[in-house]
Amino acid sequence: MLVRQLLPKDLFQGKTVFVTGGGSGINLGVARNFAALGAAVGLCGRTQEKLDRAVAELQALGARAFAQVADVRDYAAVESAIRATADTLGPIDVLVCGAAGNFPIPAEQLSSNGFKAVIDIDLLGSFNATRAAFDQLKQTRGLVIFMSAGMAYVPHPYQVHVGAAKAGIDMMMRNLALEWGPLGIRSNSIVPGPIGNTEGMRRLGGTDDPDDHSVATPLGRYGTVDEIGQAAVFLASPLASYVTGCVLVVDGGSNLMGSEPFRHAIERMRGD
Ligand code: COA
């Protein structure tokens, strides 16, 4: 259910949201929920075609939308996308650091470069976007939302690179909440659980069927990208004005089950 069915349609009128990796998946779901509530939305990602499709989808919701190709590992490219978004849509009120990379692999088979690729996209990429948006966030007394993962808290097999990167993201989130709180900038993370119909789920052995009720979460189903979008809207809404330095877990309770269901899904996918 889109949040505009629960909240005033103009909640974010006059606000600008920028989403890294916003061309698809969970991040596009986040962008869509902000757009549905009146925000202007800027996106960056690596693939022009995905961004074009995403912009058209946001515009169909009545939003002003803009996108520029940028790999978050490239500081100059991210800075340019953020500046162009501000020039087109206005200074950034909400930055969503969603760009991420993942592939499951046993630690002893992971190359140094493979480890670095994920650290660079997830951790360095999130810092790059945050650093590049700082002046605007200071001006708007804005908010940063990081996309973390359960791997940051519970060790998951085949995820040494992702666990390290996401744990780093959450510590960075807390540091920024501390340092930038006095400037009125809030900083929080969302931990999405298994979300149906996403590239991440496909890469991690999910069945890709959002209605698959065999999924091992206490709620017995995948989450939806809109449910992560709704969590992001909550963090950006006046309801969360005193919430900073916080990890918001939106996972159907899957963290309560440890990492064994994840191991089974990966091993099924790998044929182990
Ligand atoms: N298994 C093992 N190693 C892998 C791998 C896999 N499936 N995919 C990439 N790597 C390794 C490569 O071998 C390379 O290391 P090497 O030089 O020692 O061989 C290193 O990772 C970098 O690979 P490369 O393909 O050059 O990286 P990239 O920058 O083009 O892609 C990735 C980044 C690897 C994270 C890629 O999976 C990606 O682009 N993902 C984005 C989408 C995504 O993951 N979405 C899900 C988010 S949850």
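Would you mind stating whether Ile169 is β-branched (Val, Ile, Thr), within 16 Å of the ligand (Cβ to nearest atom) and surrounded by fewer than 19 Cβ atoms within 10 Å (Cβ to Cβ)? Let's see the steps before the verdict.
Working: β-branched (Val, Ile, Thr): yes; within 16 Å of the ligand (Cβ to nearest atom): yes; surrounded by fewer than 19 Cβ atoms within 10 Å (Cβ to Cβ): no.
In short, no.
Scanning the stretch 20-32 for residues that are within 15 Å of the ligand (Cβ to nearest atom) and hydrophobic (A, V, I, L, M, F, W, C) yields Ile26, Leu28, Val30. Considering only residues that are in a helix (DSSP H, G or I), surrounded by 22 or more Cβ atoms within 10 Å (Cβ to Cβ) and at pLDDT 95 or above, which ones fall in the stretch 172-208? Once the filter is applied, which keeps residues that are in a helix (DSSP H, G or I), surrounded by 22 or more Cβ atoms within 10 Å (Cβ to Cβ) and at pLDDT 95 or above, the stretch 172-208 yields Met173, Leu176. Among the residues of the stretch 143-157, the ones that are of a type outside the set (Gly, Ala, Ser), in contact with a strand residue (DSSP E or B) (Cβ under 7 Å, 6 or more places away or on another chain) and within 13 Å of the ligand (Cβ to nearest atom) come to 1 in all. Within the option set Gly101, Gly62, being under 19 Å from Arg32 (Cβ atoms) and either within 16 Å of the ligand (Cβ to nearest atom) or more than 16 Å from the chain's Cα centre (by Cα) (or both) holds for one residue only, Gly62. A single member of Ala39, Ala35, Ala56 is away from the ligand (no atom under 16 Å from the Cβ), surrounded by fewer than 24 Cβ atoms within 10 Å (Cβ to Cβ) and not polar (S, T, N, Q), and it is Ala56.
Scanning the stretch 245-265 for residues that are surrounded by fewer than 21 Cβ atoms within 10 Å (Cβ to Cβ) and either among the β-branched types (Val, Ile, Thr) or not in a helix (DSSP H, G or I) (or both) gives Gly245, Cys246, Val247, Leu248, Val249, Val250, Gly253, Gly258, Ser259.
Total residues in the stretch 8-65 satisfying the condition of being farther than 19 Å from Val144 by Cα and either in a loop (DSSP other than H, G, I, E, B) or free of Cβ contacts under 8 Å to residues at least 24 places away in the same chain (or both): the figure is 17. Pairs linking a residue in the stretch 77-105 that is among the hydroxyl-bearing types (Ser, Thr, Tyr) to a residue that is part of a loop (DSSP other than H, G, I, E, B) and within 16 Å of the ligand (Cβ to nearest atom), with Cβ atoms under 8 Å and 6 or more positions apart or on different chains, are Ser80/Ala70.
The lone criterion from (1) more than 16 Å from the ligand (Cβ to nearest atom); (2) modelled with pLDDT under 95; (3) within 21 Å of Arg268 (Cβ to Cβ) left unmet by Pro238 is number (3).
How about the stretch 74-83: which of its residues are within 16 Å of the ligand (Cβ to nearest atom) and surrounded by 19 or more Cβ atoms within 10 Å (Cβ to Cβ)? Answer for the stretch 74-83, where residues must be within 16 Å of the ligand (Cβ to nearest atom) and surrounded by 19 or more Cβ atoms within 10 Å (Cβ to Cβ): just Val78.
Consider only pairs whose beta carbons are under 7 Å apart and that are at least six residues apart or on different chains; among these, list those whose first residue lies in the stretch 107-118 and is within 13 Å of Val162 (Cα to Cα) and whose second residue is more than 7 Å from the ligand (Cβ to nearest atom). Within 7 Å, the pairs are Ala107/Val160; Leu110/Val160; Leu110/His161; Gly114/His161; Phe115/His161; Val118/His161; Val118/Val162; Val118/Ala165. With respect to the conditions (1) over 30 Å from Asp272 (Cα atoms); (2) within 11 Å of the ligand (Cβ to nearest atom); (3) not β-branched (Val, Ile, Thr), Gly114 falls short on a single one, namely (1). With the requirement that a residue be touching a residue at least 40 places away in the same chain (Cβ under 8 Å), closer than 29 Å to Gly184 by Cβ and more than 15 Å from the chain's Cα centre (by Cα), what does the stretch 216-239 give you? Answer for the stretch 216-239, where residues must be touching a residue at least 40 places away in the same chain (Cβ under 8 Å), closer than 29 Å to Gly184 by Cβ and more than 15 Å from the chain's Cα centre (by Cα): just Ser237.
Going by what's in this entry, would Gly125 be described as crowded, with 16+ Cβ neighbours inside 10 Å, assigned to a helix (DSSP H, G or I) and within 13 Å of the ligand (Cβ to nearest atom)?
So Gly125 passes the test.
For the stretch 84-116, a tally of residues being crowded, with 16+ Cβ neighbours inside 10 Å and in a helix (DSSP H, G or I) returns 5. The set of residues in the stretch 8-32 being surrounded by fewer than 24 Cβ atoms within 10 Å (Cβ to Cβ) and either of a type outside the set (D, E, K, R) or within 10 Å of Val94 (Cβ to Cβ) (or both) consists of Pro8, Leu11, Gln13, Gly14, Lys15, Ser24, Gly25.
The values are calculated or read from the model by the stated rules, or taken from the named source; none is laboratory data. None of the values given here were measured: they were computed from a predicted structure. Backbone-built Cβ (ideal geometry, glycine too); neighbour counts: all protein chains shown.
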